[in-house]
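Trainee: The structure that follows is given in the form of structure tokens.
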Amino acid sequence: MKPSAFEYHRVRSVDEAVSLLTRLGGDAKLLAGGQSLVGMMNFRLARPSALIDISLVDALNYITSNEEGLRIGALTSHRAVERLDDPVASERFSVLPRSAHWIGHYAIRSVGTFGGSIAHADPAAEWCMLALLLDAEVVAVGPQGERVVPIGDFFTGFLQTDLAEDEMLTEVRIRTAWPHAALHEFSRRHGDFAIVAAAAAVQMSGDHCTDARIVIGGVDSTVIRVADAESVLTGATINAEAIGEAAAAAARAVDPPEDLNGSAAYRRHLTEVLVRRALDEAIAHGE
Amino acid sequence: MVSDETPDRDEPPQGGWVGRRMPRVEDPYLLTGRGVFVDDIDLPGTLHLVFVRSNFAAASIEGIDVTEALLVPGVVAVLTADHIRDVIPIRGYLDRAEFTVTDMPILAAEVVRHVGEPIAAVLADSPYAAEDGAEAVDVTYGVTAAVADFEAALANGAAAVHEAAPNNVLVDITLDPSPDLDRVFEQAPHVVDVEVSTGRLAASPMEGRACLSYYDDRTQQVVLHSSTQVPHTVRTAVAASLGLGESRVRVISPDVGGGFGVKCVVAREEVLVAAASRLLGRPVKWIEDRREGLTAGFQSREQRYTLSGAFDELGALQALRADIMCDVGAYSCFPYSCGVEVLMAANELPGAYRVPMYRVRSRGVATNKPPIAPYRGVSRPQAVLAMERLMEKAAKAVGIGPIEIRDRNLVARSEFPYRNVNGALYDAGSYRESLARCAELVEYDSWPTKQADARSDGRLLGLGISSFCEPTAYGTDAFGARKMSIVPGYEQATIRMDPNGSVVMMVGTHSHGQGHATTYAQIVADRLGIDPSRISIRQGDTDLVPHGWGTFASRSVVAGGGALDSAANTLAEKLRQIAAHLLEAAPQDLVLADGRAQVKGSPSRSIAVEELARVAHHASNRLPKDLGRGLEATESFDPQGTYSNATHAAIVEIDPQTGGVTILRYVVVEDCGVMINPMIVDGQVTGGVAQGIGGALLEELVYSPEGQPLAGSFVDYLLPTATDLPIVEVHHFSTPTDRTPMGAKGMGEGGTIGAPAAVLNAVNNALVHLGVQLERVPIRPSDVIAVMELASADRGVVP
Amino acid sequence: MKDIHDIEITINGERRAVTVESRRTLADVLRHDLGLTGTHLGCEHGVCGACTVLVDGLPARSCLMFGVQADGREVETVEGLGTPENLNTLQQAFMTEHGLQCGFCTPGFLMLLTALLRENPNPSDDEIRDVVASNICRCTGYAGILRAARLAADSDAIAT
């Protein structure tokens, strides 16, 4: 389990990284925390011809919040998000720090990065789910400069994104505060990728839901939003029945494959359970 | 003497060293990274070996093209079966008519029989380059039909894994000691049937297998460093395969990062590394990686038990009928053969229960999967699982409780020594006492109320019990009865006192976590009356220690400890003779204590052991000529086998929505006779339980119908972590055995043996009101939900 | 063509120069190029944590990092803790509480818990358990490791 050979380049800036990406071409990969990529390389499931090490691009390690929302630099560690102590941000976007404990373990969270997780686009990744849940925008920088990709357009397939070969993800922005939001997942061991994960966010006016997001992880090639479940909630009075209906709608909408951990039916069942749990917590939180 | 006292952690020392929670002498070097494991040894000029392994479960090898591989920078050689024609395959053998002999090739030549079977070996100047080379070897396969499980292997027209066994049955044992058994079944008031099955496991020591071999021209020896539990057995097999006398091979097992049985057999890789080093004239190193460990290493545990028990009105078991199948994979390991689980299951199924009549058929079924080897407990975790499920079902059939049914059937104290239906003679234990104590500790009497209260709050709680005994430390009689090609069982030890009075113990067992350096020193310290800090161990080197059998099957404290005890006594006698001469006293009047030889009743007449050692070596002219020179003794011990016992109780909670199982409490009441070091005993029990729980809830090597492994990494093969395990509460009885000098019994496997049954019974207890039960481990959350949905469907209720 | 780099790593406070191929993992560089064999490899895919070291003070799987990435950075390994004659508080706690059996995973746990206790000298039992769950031990069932971490945290002496 030793990786195949590659060229190594360490960069200190986004510009340097992008110009190297451009020069080295499609087989070059950016290396941030490496917690997914290097494991795959050790199995030789990934074999980039070159690695551009961006882990020391300090300019991308930040979390800032203002009236426009939250900005998370791509190289912010999971642990930094978990320990987010900005009072405004941690109130408005508390689902991020509250959900971090689902990600791997302490050592993984210390090294793995927020942007790396989004760019890796694992369909069960918590940050990918929450980015989709919270209508995030992804900032990508390429040779032509910066562009902003709505998260709905970002995940294009299993471990695939809208990033061009010469682009790098530099920041994730979340504009809308969703104080009523939560993520729940289930795996056989805590810290593993979820068999199924569900995230829910609602905007409430009294006990009336004015907007809702339901995201499921681990059941498809990407994290997915479930419009059928959202539409049950939007405009409805939120009670146990509505939550149950939304959860059932989510379970009907997903089409998970069977895996080592259980049948498709079981994973659909889990979808229902976890959407209910996520909604319960989302609604309770912020009250 | 029976006690149930967990000695206080800081209990002041009293009497001897045996019985104390002495901190381990091996810890300081391991805690500072100064251990020496095989891969820590770097020799100049070493070639790194990486195997090209089969991608298919069953195929003919049509061609192997190494041209590209030899062009890879750093690659020095690529070996295939053609290069090692004179290396003899490994043969795990039983001299029994019911056994079909198959050889395990070192490198596959014509066919491959499982994914991961080695086909070629690439040698390069780094493991990176070797892996590049392995990728560049082009093997052309003619893929054939594979059989990936019992059903497929036993189906009509199934492809044969070996020509020699067209029906894929490699071992087929029947024990039928009770001619009247069928009549008893016909007349029994209660006949209870159970079918349970268990998933395939990988022992997964944190250090995988590892070998480093080179040729020592000074001694004309092939030197093989191997991460093994059994250095002498590896020497035997490697010498045989290489066609050398055993003295031409030196096996060194340095620090070993866990074994659990998977390293108590000899692997193809060990032979090949030695052969490659011979061929290439350079040191060769192979370090198993985790993918290999999970997909190409030895496996275990995949079994199915179909039991019928005939019970009388009161719930006493009258007769037991069993059909057992073990998926033994594609080859036979050396020296135990693929019959290892098959024989153990048939022989040990009755366990701690009185089984007056018995009939069993036990089969080893060949499949296109990696071969099996012993893994902690060897069949007993599954046999106990089967018996404990039988007891649970019988209790319901008879209308009594789980504690009552066990109490009625466990061998009682008054019956020891107890001869079981297979002829095994059990030494005394506390079978019923441990059950009673365990029931008390978990407040079994109030359990139904607690469970009902929880249920009314929507919580599903379950309590499961498992009682068993663990035959440990098989001697040569027991191993001889298996009819293997070599007969393990005895152990030898040499004890040498140096001129300064320090003692070196040289013993054929091998400690890889069990703390022998500590426990053995405690035993020897008591015999020699010296401080254990003066005693050190040498082990794991066939040139350095007497011939022995290594560490497996819960044997070391009994067999190794027994040999050391005997050697220490011999040495002590010599020290007394020397002291007697110097003090002008009779040897029988001398006692060794507190580092001195003292004349009984005259404390002023004594001499330091250091002085005896000095005189023996440096002033031996002062000693009588007829007293042999030097201070060294070698003795052996051949154990009769000892039977530890325990009752485990697990309390679990099932999440009715996800099917997740959480173990809330885990209690063990065990009896391994006299404990040499209770801290280490507790550690073995706790670690054993952890492995048993892993097999009960998490771990499984899943294969596709084509024989492709689906759990090839620790992402899919789920070892328990700290958040998956309960704090194990360990309690002790101590029924000393008369079969060992210290009264100690073997105990390394018990934790693993008892846990799956306790957990499965607990899960089923939590589901009992739903009328559904699970009969397979590992218990996946999806399985729990599936049976719960079945229950709801049966009752027309939507979950 | 091999991609070779001359790098300098500060290991346990000492600057060490080494020439590495870029694909060589930090674990292999520590073990085989620098002779620091206390760091062990148990899975090489980031699950078991036996290879955990501290990089710039943070716990990192040295199998998931390339040696070249450590150029100019500070790495701490088990060899930087106490010595056999003078175990540090955490190591002593492992010994007292029987937190190790075969000892193969132990250096990884020591480095992991060193990071925890530096960051949070008074962790709760749940926090300890959560962090201990980062790594895998196959021998102990974790009971001794959890007790050792508790003991080290409760000790008056500075744990790390």
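The values are calculated or read from the model by the stated rules, or taken from the named source; none is laboratory data. Computed from a predicted structure; not experimentally measured. Heads up, the Cβs are rebuilt from the backbone with ideal geometry, glycines too, and the neighbour counts pull from every protein chain shown. Each accessible area value is taken on the protein alone, full model and side chains, heavy atoms only, with ligands, DNA and RNA left out. Shrake-Rupley method; radii C 1.70, N 1.55, O 1.52, S 1.80 Å.
Trainee: Of the residues that sit in region B:29-41 and are more than 7 Å from chain C (Cβ to nearest Cβ) and in a loop (DSSP other than H, G, I, E, B), which one is least open to solvent (accessible area, probe 1.4 Å)?
Mentor: In this case the residue turns out to be B:41.
Trainee: Run down A:164, A:199 and say which single residue is on the phi < 0 side of the Ramachandran plot and assigned by TED's automatic domain parsing to the domain that holds residue A:228.
Mentor: Criteria check complete, one pass: A:199.
Trainee: Here is a follow-up. Count, please, the residues in region C:1-42 that happen to be of a type in the set (Asp, Glu) and facing chain B (nearest Cβ under 9 Å).
Mentor: Final tally of qualifying residues: 2.
Trainee: Quick check, is residue A:101 open to solvent by less than 50 Å² (accessible area, probe 1.4 Å) and within 21 Å of residue C:115 (Cα to Cα)?
Mentor: No; evaluated as a whole, the condition is false for this residue.
Trainee: Out of the residues in region A:252-270 that are assigned to a helix (DSSP H, G or I) and surrounded by fewer than 16 Cβ atoms within 10 Å (Cβ to Cβ), state the one that is nearest to the other protein chains (Cβ to nearest Cβ).
Mentor: Result: A:265.
Trainee: Let me ask something else about it. Taking interchain pairs and intrachain pairs at least six residues apart, which have beta carbon atoms under 6 angstrom, with the first residue in region B:490-509 and more than 24 Å from residue B:638 (Cα to Cα) and the second open to solvent by 10 Å² or more (accessible area, probe 1.4 Å) and not in a strand (DSSP E or B)?
Mentor: B:499/B:614; B:499/B:617; B:499/B:618; B:501/B:610; B:502/B:534
Trainee: Continuing with this model, one more query. Restricting to region C:64-82, give me the number of residues that are at the interface with chain B (Cβ under 10 Å from one of its Cβ atoms) and in a loop (DSSP other than H, G, I, E, B).
Mentor: 3
Trainee: Taking into account only those residues within region B:107-140 that are open to solvent by less than 10 Å² (accessible area, probe 1.4 Å) and over 27 Å from residue B:329 (Cβ atoms), which is nearest to the other protein chains (Cβ to nearest Cβ)?
Mentor: It comes out as B:128.
Trainee: Looking only at region B:237-266, count how many residues are within 12 Å of residue B:334 (Cβ to Cβ) and out of contact with any strand residue (DSSP E or B) (no Cβ under 8 Å at 6 or more places or on another chain).
Mentor: 2
Trainee: Has region A:73-81 got any residue that is within 14 Å of chain C (Cβ to nearest Cβ), at pLDDT 95 or above and touching a His at 6+ places or on another chain (Cβ under 6 Å)?
Mentor: No, that holds for no residue.
Trainee: Mind listing whichever residues of region B:760-776 are open to solvent by less than 10 Å² (accessible area, probe 1.4 Å) and touching a Gly at 6+ places or on another chain (Cβ under 6 Å)?
Mentor: Selection gives B:761, B:762, B:763, B:766.
Trainee: Something else: Go through region C:107-139 residue by residue and tally those that are in a helix (DSSP H, G or I) and in contact (Cβ under 8 Å) with a residue 24 or more places away in the chain.
Mentor: 14
Trainee: Give the number of residues within region C:112-132 that are crowded, with 23+ Cβ neighbours inside 10 Å and either under 16 Å from residue A:109 (Cβ atoms) or facing chain B (nearest Cβ under 9 Å) (or both).
Mentor: Here the count works out to 7.
Trainee: Does region C:23-49 hold any residues that are in contact with a strand residue (DSSP E or B) (Cβ under 9 Å, 6 or more places away or on another chain), under 17 Å from residue C:80 (Cα atoms), part of a loop (DSSP other than H, G, I, E, B) and open to solvent by less than 10 Å² (accessible area, probe 1.4 Å), and which are they?
Mentor: C:39, C:40
Trainee: In region B:300-314, which residues are crowded, with 24+ Cβ neighbours inside 10 Å and either touching a helix residue (DSSP H, G or I) at 6+ places or on another chain (Cβ under 8 Å) or under 16 Å from residue B:346 (Cβ atoms) (or both)?
Mentor: Answer for region B:300-314, where residues must be crowded, with 24+ Cβ neighbours inside 10 Å and either touching a helix residue (DSSP H, G or I) at 6+ places or on another chain (Cβ under 8 Å) or under 16 Å from residue B:346 (Cβ atoms) (or both): B:300, B:301, B:303, B:305, B:309, B:310, B:311.
Trainee: Related question: Identify the single condition in (1) within 27 Å of residue B:677 (Cα to Cα); (2) open to solvent by 10 Å² or more (accessible area, probe 1.4 Å) that residue C:109 does not satisfy, given that it satisfies every other one.
Mentor: All conditions pass for residue C:109, except number (2).
Trainee: Same structure again: Looking at A:107, A:181, A:164, which one is open to solvent by less than 10 Å² (accessible area, probe 1.4 Å) and over 24 Å from residue A:64 (Cβ atoms)?
Mentor: Just a single option satisfies the conditions, and that option is A:107.
Trainee: Would it be correct to say that residue A:210 is of a type in the set (Val, Ile, Thr) and part of a loop (DSSP other than H, G, I, E, B)?
Mentor: Taking the combined requirement at face value, the residue does not satisfy it.
Trainee: For residue B:647, are the conditions met, namely being in contact (Cβ under 8 Å) with a residue 40 or more places away in the chain, more than 14 Å from chain C (Cβ to nearest Cβ), open to solvent by 10 Å² or more (accessible area, probe 1.4 Å) and β-branched (Val, Ile, Thr)?
Mentor: Taking the combined requirement at face value, the residue does not satisfy it.
Trainee: Let me ask something else. Specify the residue that is farthest from the other protein chains (Cβ to nearest Cβ); the eligible residues are those in region B:502-511 that are in a loop (DSSP other than H, G, I, E, B) and open to solvent by 10 Å² or more (accessible area, probe 1.4 Å).
Mentor: B:502
Trainee: Would you pick out the residues in region B:42-72 that are in a strand (DSSP E or B), touching a Phe, Trp or Tyr at 6+ places or on another chain (Cβ under 8 Å) and not acidic (Asp, Glu)?
Mentor: Scanning region B:42-72 gives B:48, B:49, B:50, B:51, B:59, B:60, B:61.
Trainee: Restricting the search to region C:138-160, which residues are modelled with pLDDT of 95 or more, open to solvent by 10 Å² or more (accessible area, probe 1.4 Å) and more than 7 Å from every other protein chain (Cβ to nearest Cβ)?
Mentor: C:147, C:150, C:151, C:153, C:154
Trainee: I would also like to ask the following. With the condition kept exactly as written, say whether any residue in region C:55-62 is touching a Lys or Arg at 6+ places or on another chain (Cβ under 8 Å) and in contact (Cβ under 8 Å) with a residue 60 or more places away in the chain.
Mentor: Looking through region C:55-62, at least one residue is touching a Lys or Arg at 6+ places or on another chain (Cβ under 8 Å) and in contact (Cβ under 8 Å) with a residue 60 or more places away in the chain.
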